[in-house]
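Working notes, structure below.
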2 protein chains.
Amino acid sequence: MSENKEFVKDITKMDEDFAKWYTDIILKSELVDYAPVKGCMVMRPYGYALWENIQDVLDQKFKETGHKNCYFPLLIPESLLTKEKEHVEGFAPEVAWVTHGGEKELEERVCIRPTSETIICTMYAKWLNSYRDLPFLYNQWANVVRWEKTTRPFLRTSEFLWQEGHTIHETPEEAREETHRMHQIYADFMRDYLALPVIMGQKSEKEKFAGAEETYTVESMMHDGKALQAGTSHYFGNHFAKAFDIKFQNRKGEMEYPYQTSWGVSTRMIGGIIMTHGDDRGLKLPPKIAPIQVVIVPIAQQKAGVLDKVEELKTRLEKSFRVETDIREEVTPGYKFNHWELRGVPVRIEIGPRDIEANQCILFRRDTLEKETVSLDQLEEKLTALLEDIQNNMFKMAEDNTKARTFYAHDWDEYIKLFSEREGFAKIMWCGDMACEDKVKEANATTFRCIPFEQDRFQETCTICGKPAKHMVYAARQY
Amino acid sequence: MSENKEFVKDITKMDEDFAKWYTDIILKSELVDYAPVKGCMVMRPYGYALWENIQDVLDQKFKETGHKNCYFPLLIPESLLTKEKEHVEGFAPEVAWVTHGGEKELEERVCIRPTSETIICTMYAKWLNSYRDLPFLYNQWANVVRWEKTTRPFLRTSEFLWQEGHTIHETPEEAREETHRMHQIYADFMRDYLALPVIMGQKSEKEKFAGAEETYTVESMMHDGKALQAGTSHYFGNHFAKAFDIKFQNRKGEMEYPYQTSWGVSTRMIGGIIMTHGDDRGLKLPPKIAPIQVVIVPIAQQKAGVLDKVEELKTRLEKSFRVETDIREEVTPGYKFNHWELRGVPVRIEIGPRDIEANQCILFRRDTLEKETVSLDQLEEKLTALLEDIQNNMFKMAEDNTKARTFYAHDWDEYIKLFSEREGFAKIMWCGDMACEDKVKEANATTFRCIPFEQDRFQETCTICGKPAKHMVYAARQY
């Protein structure tokens, strides 16, 4: 890529305009680009490699817990979409409709899946006979389309990539257990791999998935204090089973409806990584899922032996790490430093003639911008420790930000004042009445993110109306 | 799955009705099911696992040859699709049109990608600046939609899964080299992994891809003697580059159009595996890509120690092989044998109390239906050799069939007589005139499969018109 397209100093400072900063760095780091269709994005190789690494880890976790992948059709007939009332009300306003195949108008229009419950339930009804067939533990990696009014790459796009797990079970207990199992897998993955501090909890009635009985969510705070819903897991009861007539012969020989779950995460998580960890120099990618963990930049590469050494190091290190070299002749080392810092590569190795002579190199860490000189003899060992330290430190920095931006709101005045001055998570107490939830949304566009599993019952009265409180809730503005 | 859904004796014999046999076994082996949308299929876990294994191997081969994955949007505006004249003429009759997003009619209708040249070229025009940026070696794994009139699972469906590689290069030589490199990767993969004997060659002007200068194909003969086009690689010249204004500054500082390729294989290959190797008992899957390579079926499983031994063997074998056990209580061993033969699992291990006592088991191979008794001490070694032998033998059986069904046609009468009596590949000599190609298609619905790289110039006159011949061509009826 030629020089004029990526001048780092052109990046908007994040504290000046966070939205502009976000757009600047995702485009300039070549994660993504805008597509000719409104609201759609192109995932460029660097962005897609990030998604592949995410997929690899999650897919393995799904398979370890007994799930199998399948693939269901992209297109759903209108008559299927409308079978479950709450579901269609939730999704119909944002589906894309196919009306013509070639030159011919279709007899029944079909939509592009916004999610696949309806088509999967149709097939489950066909496949299920006996309790012996249960559970069905299926997942698919797929694209979905939701015609969104305002879009932003990764966070909200008309088409996005995701996985959707859909399972049916003999008993409500088993289905609930599955719902929680997958919720936990998401939370662990986000903490351990994406270095995102997350809050696990349940969605309120108002915020739950269209058609679900219970929705569990993983909520994360972005650098600017706004919330990102990073993944959800739903318990459906036998709601959809009834609407789609999915039945099985139970152990007593009677026909019965099974109990169902669905759960999904999407390319949206990549938006979460960017907005949690990034800084004014660009991306910071967690080592565990970074497409490139280590980049080697030669100093004075025209000098004898430097490029050979770089090649030798690459061959040696790629046995244990994801490594790239940058041996471009047309740009300076300083330019390369900016280039790879913008792209969030966790570690940079700098090596020149004097280093080679001294059998050493410089390690630069992207998270703290610190450098250290290490012996080439200890390189693997040092790198392993450094990457782990970066992974942990990134989590800690994000956790510190989340803590620093989490506040108590004891009453309505305090709540309004709080969100008029800053973004962040407000801990509030809630009476359980939807009127209070509506009131906060109307007042300042904050929403109830979740009723967290870890309750911090700091007072006995509802922050909003003053009546007796049922739950502690996190409220925030959201992406 | 309960018993009543899968009685093996319900499978139509392949020699009675090959099409019905195909449908029977793909449904009963649970590879696939029909979807509620006409012409679409559901890939069930067993079928999708086959696709995952295919993807794993190919994806690695693409990456080893320097390609990177990306993801381009599903939706393409009409104005883009129509930019390249030949291309739109080829695809417009079969695209699905989206006209509404939610309740709103779109200002410009968009189609679901039938292939992605147009959208990818649009982005390449934006990204390319200098010769230093070249080549772009990108691939995507995606779904595409082509509104087909007659469909059959895997072979021709309205939606299918595939990969499409799209590359641009500085020179025509480099682009041609890439076209051939990917053509060869496809052919090697099909021979070495899918055990398909393939013919490599070039498509005629009439049969080449809409918009390409040259199309190279991998053609394979199915059990019934019909041809399957299993993969293609195209050289575009700078045709699309001109239509989409993709330009770069060359080494002399002048603006120039780059040279382009695209190449793809799809879930159609799975149809090829089924129709090449299957028999009256069902599927036969090549060991290298079989989701289950070895299934362990206990005999007299109620007897003490049998299930423990089965579990022990599984744990031991899954270190080296893809292994399943079938310990269902409600069905007999004989039923299980049929079940797994239908599913084409290459090797079955049978083990009962007497075998355990003698420290042995029975190995059944799906390809030849032979059994042998082996010592448990040598199991890994025997299995490794057996799986390799099955893989090779399956290729050989398919190759024998291809040879036995390949004929010479010296003149028009012989050509017509040949295809009135049988299916197969006809070797013909061709003058190069499209009129002759049109004539055969009209006469008996045969088409020119390719001008093979391995020319067998058996006479000097065109089989169809008797004029001087230019090439040897394979002709056949096709899927």
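Laboratory data are not the source of any read-out in this text; all were calculated from the coordinates shown. Source: prediction; values computed, not measured. Cβ atoms come from the backbone with ideal geometry, glycine included; neighbour counts cover every protein chain shown.
Fewest neighbouring Cβ atoms within 10 Å first, the residues B:LEU31, B:LEU363 line up as B:LEU363, B:LEU31. Per residue, the convex hull spanned by the Cα atoms of region B:1-141 amounts to 199 cubic angstrom. Each copy carries a label point for A:ALA435 at 7 Å from Cα toward Cβ; from one copy, the others' points are 8.9 nm away, ordered from shortest.
If you place +1 on the Cβ of every Lys and Arg, -1 on the Cβ of every Asp and Glu, and leave all else neutral, what size is the dipole of region B:303-350 about its Cα centre, to the nearest 20 Debye?
Numbers: 10 positive and 10 negative charges, 36 e Å.
Dipole magnitude for region B:303-350 comes out near 180 debye.
Legend: ranking of residues A:PHE189, A:PHE18 from fewest to most surrounding C-beta atoms inside 10 Å; resulting order A:PHE18, A:PHE189.
Volume of the convex hull of region A:111-201 (Cα atoms only), normalised per residue: 133 Å³.
Can you give the mean number of other chain Cβ atoms that lie within 10 Å of the Cβ atoms in peptide A:122-135? Walk me through the intermediate numbers first.
Working: counts 3, 6, 0, 0, 4, 6, 2, 5, 5, 1, 6, 3, 0, 0.
The mean count of partner-chain Cβ atoms within 10 Å per residue comes to 3.
Global size of chain B: 25.1, 82 Å for Rg and Dmax (C-alpha atoms, Rg to one decimal, Dmax whole). Counting only DSSP beta bridges whose two residues both lie in chain A, roughly 80 percent are antiparallel.
With an 8 Å cut-off on Cα pairs and a minimum separation of 6 or more residues, tell me the relative contact order of chain A in percent.
Numbers: 950 pairs, mean separation 65.2, N = 479.
The normalised contact order for chain A reaches 14 percent.
Multiplying the sequence separation of B:ASP56 and B:ARG316 by 0.36 nm and subtracting their Cα-Cα distance, what value in nm do you get? Show your work: numbers first, answer last.
On the way: separation 260, 0.36 × 260 = 93.60 nm, distance 2.42 nm.
Separation in residues times 0.36 nm, less the Cα-Cα distance, equals 91.2 nm.
For region B:6-107, the residue among B:TRP21, B:VAL88, B:MET43 whose Cα projects farthest onto the positive side of the dipole built from Cβ charges is B:MET43. When a/c is below 1.5 the answer is rounded, else prolate if a/b is larger than b/c, else oblate, so apply that to region A:350-437 with a ≥ b ≥ c taken from the square roots of the Cα gyration tensor eigenvalues. In terms of gyration-tensor shape, prolate. Summing Lys and Arg as +1 and Asp and Glu as -1 over all other residues whose Cβ lies under 11 Å from the Cβ of B:THR151 gives a net charge of +3.
Projecting the Cα positions of B:SER204, B:TYR259, B:THR215 onto the charge dipole of region B:185-275 (unit charges on Cβ atoms of Lys, Arg, Asp and Glu, taken about the Cα centre) puts B:TYR259 furthest along the positive direction.
Sorted from closest to farthest, the other copies place their B:ASP413 label points 10.9 nm away, with each point set 7 Å from Cα along Cα→Cβ.
Put a dot 7 Å past the Cα of A:LYS470, heading toward its Cβ, do the same for A:GLU78, and the two dots end up 3.8 nm apart.
Positive end of the dipole of the protein assembly as shown (Cβ unit charges, origin at the Cα centre): among B:VAL295, B:SER116, A:GLY165, the Cα lying farthest that way belongs to B:SER116. Counting neighbouring beta carbons within 10 Å and listing from fewest to most, the residues A:MET222, B:MET221, B:MET123 come out as B:MET123, A:MET222, B:MET221. Projecting 7 Å from Cα along the Cα-to-Cβ direction, the label point of A:GLU105 sits 1.1 nm from its equivalents in the other copies, listed shortest first. 3J(HN,Hα) along region A:166-177: 9, 10, 10, 9, 5, 10, x, 4, 4, 5, 5, 4 Hz, from the Karplus curve 6.51 cos²θ - 1.76 cosθ + 1.60 with θ = phi - 60°, whole Hz, x for Gly and Pro.
Amide H to amide H, with H built 1.01 Å from N, B:ALA96 comes under 5 Å of A:GLY102, B:ILE112, B:TRP147, counting only residues 5 or more places away or on other chains. In region B:406-476, the C-alpha radius of gyration followed by the widest Cα-Cα span (Dmax) gives 10.5, 28 angstrom.
For a Förster distance of 56 Å, can you work out the FRET efficiency between the beta-carbons of B:ASP377 and A:LYS13, rounded to the nearest 0.05? Write down the numbers at each step before the final one.
Details: r = 69 Å, r/R0 = 1.24.
That pair, B:ASP377 with A:LYS13, gives E of 0.20.
Quick check for me: using +1 on Lys/Arg Cβ and -1 on Asp/Glu Cβ, what's the dipole size of region B:1-152 about its Cα centre, in debye to the nearest 20? Please report the intermediate quantities before stating the final value.
On the way: 20 positive and 25 negative charges, 60 e Å.
Dipole of region B:1-152, to the nearest 20 debye: 280 debye.
For the protein assembly as shown, the fraction of C-alpha pairs more than 57 angstrom apart is 15%. Between A:LYS403 and A:GLU388, the distance separating the two model label sites (each 7 Å from Cα on the Cα→Cβ line) works out to 2.3 nm.
Across region B:327-342, computed HN-Hα scalar couplings (Karplus, 6.51 cos²θ - 1.76 cosθ + 1.60, θ = phi - 60°) run 10, 4, 8, 7, 10, 7, x, x, 4, 5, 4, 4, 4, 7, 5, 3 Hz from first to last residue, x flagging Gly and Pro.
Which value, in debye to the nearest 20, gives the size of the charge dipole of region A:3-277 about its Cα centre, when Lys and Arg are +1 and Asp and Glu are -1 at the Cβ?
Working: 33 positive and 43 negative charges, 16 e Å.
In debye, rounded to 20, region A:3-277 gives about 80.
A Förster radius of 45 Å combined with the Cβ-Cβ distance from A:ALA304 to A:ALA445 puts the calculated FRET efficiency at roughly 0.10. The relative contact order of region A:3-277 comes to 18 percent, based on Cα pairs under 8 Å that sit 6 or more residues apart.
Taken one residue at a time, the phi angles of region B:361-378 give Karplus couplings (6.51, -1.76, 1.60, θ = phi - 60°) of 8, 9, 9, 10, 9, 5, 6, 9, 6, 8, 10, 9, 9, 10, 6, 5, 5, 9 Hz. Gly and Pro are set to x. The alpha carbons of region A:294-395 occupy a box of 41, 28, 22 Å along the principal axes, longest dimension given first. For the protein assembly as shown, the mean residue ellipticity at 222 nm estimated from helices alone is -10500 deg cm²/dmol, where every DSSP H run of n ≥ 4 contributes -39500 (n - 2.57) and the total is divided by all residues, rounded to the nearest 500.
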